[in-house]
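The values are calculated or read from the model by the stated rules, or taken from the named source; none is laboratory data. Being a predicted model, the structure only gives us computed values, none of them experimental. With ideal geometry, Cβ positions are generated from the backbone for all residues, glycine too; neighbour counts draw on all protein chains shown. The protein model used for the area step is the full one, side chains on, heavy atoms only, and it has no ligands, DNA or RNA in it. Shrake-Rupley method; radii C 1.70, N 1.55, O 1.52, S 1.80 Å.
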Amino acid sequence: MKNIIISLFLVAGAFMSCSTDDTDAIDPVDTIGVGDNNEITGSGTDADPYRISTVEHLDVFLRNRLSSSYLLTGDLDLSAYLLENYPSEGWLPINNFEGVFDGGGFTISGLTIDRPNTDNVGFFGVLGNDDNSTVITVEIKNLTIEVTASGAITGSTHVGALLGYANDGLQVTNTHIIGGDTNSMVASTASGSDTGVGRSGGLIGEADRSVITLCSSSIDVTSSANRIGGLVGMVNTTVIDQSYASGDVTGASIRIGGLIGFAANAGTSISNSYATGNISITANDSDDIGGFIGASNSAISLITNCYSTGNLILDVPSFTPGFAPGVSNSFGYFSGDGDGGSGIFGSTLQTILNGTGADISGDAEDQGTGFTLTNIGSSSCSDFSAFDTSIWSCSNGSFPTLINNP
């Protein structure tokens, strides 16, 4: 009888541990077995990943085996699960994952997070080895995340739909952020020009020593803080290739761009990428704003074969344009128009080359309170002759698209 009582107590405790209070202090206990009725299969290795088929697998099993490999086996809708388990604050970000998460080409939909006083907010919160190394230790791939209709991913500093903060050693491939409707967004509640706040983007808030390839974000991003981008708020010693952002970016501070808010340090390169969202800014004193990149330092390695088409809608005094501030070898093609400032540029004016190799920086005209650039509206494929045709597809009358990331 004593053994029976102990067994019943343990079973009851296990069921209790499955419940998830809507707080940051959740520490789910692993109650899902491998190969049991909950249908977790696999061994968690790269060759034989755990197969994820329910939302509970994500919320309980994955959190307790952070160093394993995972594979989604179908689309997952978080909506009902979040209403039951996280009704007020939405999804609790997963931190310190150190394995491989393969979305299998499927979609996680219904994501919403409302944690306005929390840093490092996204489906994942903060990931990486934090050792100033570029060695890849975390991989996310083949995944689409849909932010719930008219919903937001809301946090304070370091906010992104996929991930708040990639703190060294992350590789993200073929991963996309979409919205349930046009009102879906990433929102940072931080404000001010302090360099330590903000850092928010549609995909990732900040990416340090990471690799981002074949990724995109189509949702809007809004913040009153520093370093805000349509794809990533800030990149540091990070490679971005064949990626784009199409959401609008709205801000009230500095270092705000259609693709990247701020790009920093040697080892950072951005290639074969573009931004099409509009940039709307209201600020008392700001000059690091651009349709592609808001600002960068002179140490970054390369920006090549990129373009932006978004308009800048500005209420900013003393605005000075520049596509990639501090980078003299940036190369791309730029369109767009502006109201109160440049249609395509960010900070310091410099020599800028368009797709034909012509210097277009002379098109900037000082208007006293800012610059207005001549709108370069041609979309002939001859303008993009330097773009690699194995990467880009082009039809006259439209801007090029990425073959492997349409």
- request: Lys and Arg at +1, Asp and Glu at -1: add these up for the other residues within a Cβ distance under 11 Å of THR134 and post the number.
  value: -2
task: Can you check what the Kirkwood hydrodynamic radius comes to for segment 71-191, Cα pairs only, in Å to one decimal?
output: 14.4
message: What FRET efficiency comes out for ALA80 versus SER380 if R0 is 51 angstrom and r is the Cβ-Cβ distance? Round to the nearest 0.05.
response: 0.55
- request: Name the residues whose placed amide hydrogens come within less than 5 Å of the amide hydrogen of GLY267, ignoring near sequence neighbours (fewer than 5 apart) on the same chain.
  value: SER301
query: Along the Cα-to-Cβ line of THR45, 7 Å from the Cα, sits a label point; which residues in segment 67-83 have backbone N less than 13 Å from it?
result: 69
task: May I ask you to order 81-91, 50-60, 229-239, 259-269 by the average number of other C-beta atoms within 10 Å around their residues, highest value first?
output: 229-239, 259-269, 50-60, 81-91
message: Please give me the summed charge of the neighbours of ILE219: other residues whose Cβ is under 13 Å from its Cβ, Lys and Arg +1, Asp and Glu -1.
response: -4
task: Once every Cα of segment 45-115 carries one equal point scatterer and solvent is ignored, give the base-10 log of I(q)/I(0) from the Debye formula at q = 0.15, 0.17, 0.26 Å⁻¹, two decimals.
output: -0.49, -0.62, -1.27
field: Accessible surface ranking that places the most exposed of SER191, SER68 first, with a 1.4 angstrom probe
entry: SER191, SER68
- request: Can you give me the P(r) profile for segment 157-204? Cα pairs, bins 5 angstrom wide beginning at 0, each as a whole percent.
  value: 5, 19, 24, 24, 15, 10, 3
Ordering of 177-184, 40-47 by burial proxy (mean other Cβ atoms within 10 Å per residue, highest first): 177-184, 40-47
- prompt: With +1 on each Lys and Arg Cβ and -1 on each Asp and Glu Cβ, how big is the dipole of segment 122-244 about its Cα centre, in debye rounded to the nearest 20?
  reply: 100
message: Using the Cα centre of segment 85-181 as origin and beta-carbon charges of +1 (Lys, Arg) and -1 (Asp, Glu), tell me which of ASN132, TYR165, TRP91 is placed farthest towards the positive end of the dipole.
response: TRP91
- prompt: At what distance in angstrom do the alpha carbon centres of segment 125-190 and segment 227-286 lie from each other?
  reply: 14
- request: Heavy atoms only, probe 1.4 angstrom, no DNA, RNA or ligands counted: give me VAL138, VAL197 ranked by accessible area, highest first.
  value: VAL197, VAL138
- request: Consider a paramagnetic label point 7 Å from the Cα of SER53 along Cα→Cβ; state which residues of segment 88-132 have an amide N under 18 Å from it.
  value: 102-108
- line: For ASP248, ASP102, the accessible-area ranking with a 1.4 Å probe, largest leading, is ASP248, ASP102
- line: Applying the gyration tensor rule to the Cα atoms of segment 182-304 (axes a ≥ b ≥ c; rounded if a/c under 1.5, else prolate if a/b exceeds b/c, else oblate), the class is oblate
